[in-house]
Each structure stands twice: as structure tokens, then as C-alpha cells.
């Protein structure tokens, strides 16, 4: 029975030339899991679910050797399916939104502008006991992001880090590739880190601040 298949049995059936019955059994499990996880909260069709499962199956079969046996194989596979589904849902969510729309024009480096795309950092409401220190720290972070990054670094950072747009989609919009975008983000983070440290602020300070909400 399918329910009695062990981790070792799954691996044996899916390695090399996968057993068609095992693939079908896994597909059915993934479909049931995604249907339960997504249909309650997201507008997805059966066709969407089928696409998510097919994408997940490819990823699972390509990476079956990376399964370390720390959980049930089907649990590991279901996590891959859910990640694949949410990746596609995020891609669709951002399909018609331009990067420029995430960072309002004319406010990045204009001290006289009434608003900044990073005002949410400086104006976020801290807990009362940390009001003074948090507000001061957020003012510093907001200013550094606004003043120290290039336009491309700002666009990439806002899209990937703040809005969680899929990195492949950001790379496509910026007419670049994943490696170049990773380098751009790395340089932006390093620039932020150095500038913050020059003002006596550490990464640990920032993480503690935003993690204490």
C-alpha cells in the first residue's frame, strides 16, 4: 500500500529511472496537500494546483539525492511543493508591477521632499519602552538607505528584501541575471553595513530593533 511505503522505498522507486506508479502516488499526495494548504486562503484553480505539482515533481526528482532522511520523505517533498507554489504565486502577484512603482520617483535623494519611500522605517511605531532608541535607529537606517545606495541598489533591495519579489523576476525586470543581481545586493548590503557601522550602529542593533516588535 502507498501509505506503507518507507523513506527507503520512496528513494528506491524514484532514483534513476523513476517508477511511474511511485511518481503517480507522489503526485496524488502533493496535490492533496497543496489543495488543503492553498485553497482555503488563495484563489487558485485545479489547473494552478496541477501546474504547481508538476513543477514540484521536477524539483523533487532532480534533488532526490539531497534527501537526508531527517523527516518522512513525503513531508520533505510536500515542503518543496509548497515552496514551488508560493514562488509561482509571488511571481504572478508582481507580474504587472514595475520596479519603479516600488520606489517613488523624485524622493530618493531629495531632502526637501515631503515623503520618502523609506518613511515607513523612520515612522514605524515602536513599543513604548524602546521608543527613543528605536526611533533614533530607524532614522539612521532610513537615511542611509536613501542617501548611500545607487538607484539600482535601491530598486533591487526594495524589491527583493522588503517586498519579497522573486529574484528571477527582479533580474528579468532589470535586464540582468541572478549572479549579477546577487552581486548588486551584496554590494548594497556591504555599503549599508559600513555606513551604519561608521555611525556606531551594528547589524545586530538593527536586527534586535526590528525583531522586538
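Between 180, 84, which is exposed (fewer than 14 other Cβ atoms within 10 Å of the Cβ) and modelled with pLDDT of 70 or more?
Within the list 180, 84, the selection yields 180.
Name the residues in the range 45-54 that are assigned to a helix (DSSP H, G or I) and surrounded by fewer than 17 Cβ atoms within 10 Å (Cβ to Cβ), would you?
Narrowing the range 45-54 to residues assigned to a helix (DSSP H, G or I): 46-54.
Matches in the range 45-54: 46, 47, 50, 51, 54.
Residue pairs, Cβ under 6 Å, 6 or more apart or interchain, first in the range 134-152 and in the same structural domain as residue 186 (by TED's automatic domain parsing) and assigned to a helix (DSSP H, G or I), second modelled with pLDDT under 75 and surrounded by fewer than 15 Cβ atoms within 10 Å (Cβ to Cβ). List them.
Sorted first by the residue in the range 134-152, then by its partner, the pairs are 140/199.
To keep it simple, each residue is scored yes or no on (1) in a loop (DSSP other than H, G, I, E, B); (2) under 13 Å from residue 10 (Cβ atoms); (3) in contact with a strand residue (DSSP E or B) (Cβ under 7 Å, 6 or more places away or on another chain); (4) at pLDDT below 90.
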{"site": "43", "(1), (2), (3), (4)": "yes, no, no, yes"}
{"site": "56", "(1), (2), (3), (4)": "no, no, no, no"}
{"site": "65", "(1), (2), (3), (4)": "no, yes, no, no"}
{"site": "68", "(1), (2), (3), (4)": "yes, no, no, yes"}
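In the range 71-91, is there at least one residue being in a loop (DSSP other than H, G, I, E, B) and in contact (Cβ under 8 Å) with a residue 40 or more places away in the chain? First the steps, then the outcome.
Taking the range 71-91 first, the residues in a loop (DSSP other than H, G, I, E, B) are 71-72.
Checking which are in contact (Cβ under 8 Å) with a residue 40 or more places away in the chain leaves us with 72.
Checked the range 71-91: at least one residue is in a loop (DSSP other than H, G, I, E, B) and in contact (Cβ under 8 Å) with a residue 40 or more places away in the chain.
Here is a check on your reading of the model: is residue 2 modelled with pLDDT of 90 or more and over 30 Å from residue 151 (Cα atoms)? If you could, list the steps in order and put the result at the bottom.
On the way: modelled with pLDDT of 90 or more: no; over 30 Å from residue 151 (Cα atoms): yes.
No.
Of the residues in the range 21-43, how many are closer than 15 Å to residue 88 by Cβ and touching a residue at least 40 places away in the same chain (Cβ under 8 Å)?
Summing the residues that are closer than 15 Å to residue 88 by Cβ and touching a residue at least 40 places away in the same chain (Cβ under 8 Å) in the range 21-43 gives 5.
What do you reckon, is residue 22 at pLDDT 90 or above, surrounded by 14 or more Cβ atoms within 10 Å (Cβ to Cβ) and under 24 Å from residue 166 (Cβ atoms)?
Numbers: at pLDDT 90 or above: yes; surrounded by 14 or more Cβ atoms within 10 Å (Cβ to Cβ): yes; under 24 Å from residue 166 (Cβ atoms): no.
Criteria not met by residue 22.
What's the number of the condition residue 13 fails, among (1) in contact with a helix residue (DSSP H, G or I) (Cβ under 7 Å, 6 or more places away or on another chain); (2) outside any helix (DSSP H, G or I); (3) farther than 28 Å from residue 89 by Cα?
(2)
The values are calculated or read from the model by the stated rules, or taken from the named source; none is laboratory data. These numbers were taken from a predicted model, which means no experiment stands behind them. In this analysis, Cβ positions are derived from the backbone assuming ideal geometry, glycine residues included, and neighbour counts consider all displayed protein chains.
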